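Peer 1: Once you've had a glance at the structure underneath, I'll fire off some questions.
Please treat every number below as a calculation from the coordinates, not as lab data. The model shown is predicted, which means the values in this text are computed figures rather than measured ones.
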Amino acid sequence: MNKPVRYFFLLVLMAMGTMCSSVYAAGVSEAASIQHSSEVLQEFNEDSELAPERMIETKRKHQILFLMGGSLLILILFAAGFGIAMGIFDKDVFVWHVLSAGLATTLAIAHGVVAFVWFYPS
C-alpha cells in the first residue's frame, strides 16, 4: 500500500476509536442520569388529566373523520371529473382541476394525521 492510503486508514481507525470511546462514555453517563430523568418525567405525568373542553367522545371523532372522508371523496370525484373534461372533451377547466386536486390532497393529509393522532394504539 502506498503512504496516503495507509494514512487514510490510520485516520479512519483513530476516528472510530474516538467515536467508540465517546459512545461508551455517553452510555455510562446515561446510566447515571436514568434515575434523574425518571423523576423529571414523574412530574409531568402527575397532571395527566385533560381539560373538559379538550375531551371529545370517540363517537364524535368518528363522525368528524366520516365527514372529512366524505368531503375527500367528493373532491376526488370533482378532480377526476375536471380531468376527464379536459382530456376527453377538451374543456378549459385546468384551474378548477388543480384547485380541487390540491384541496383533496390537503384534506387527505389532514384526514390521515387526525386519524393517526386520535386512534394511535397506546
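Peer 1: Gain in length, residue 84 to residue 118, computed as 0.36 nm per residue apart minus the alpha-carbon separation, to one decimal in nm?
Peer 2: Values: separation 34, 0.36 × 34 = 12.24 nm, distance 3.60 nm.
So the extension gain works out to 8.6 nm.
Peer 1: Is segment 55-119 best put as rounded, prolate or oblate by its Cα gyration tensor, with a ≥ b ≥ c the root eigenvalues, rounded for a/c under 1.5, and otherwise prolate when a/b is larger than b/c, oblate when not?
Peer 2: Values: a/c = 4.61, a/b = 3.17, b/c = 1.46.
Here segment 55-119 falls in the prolate category.
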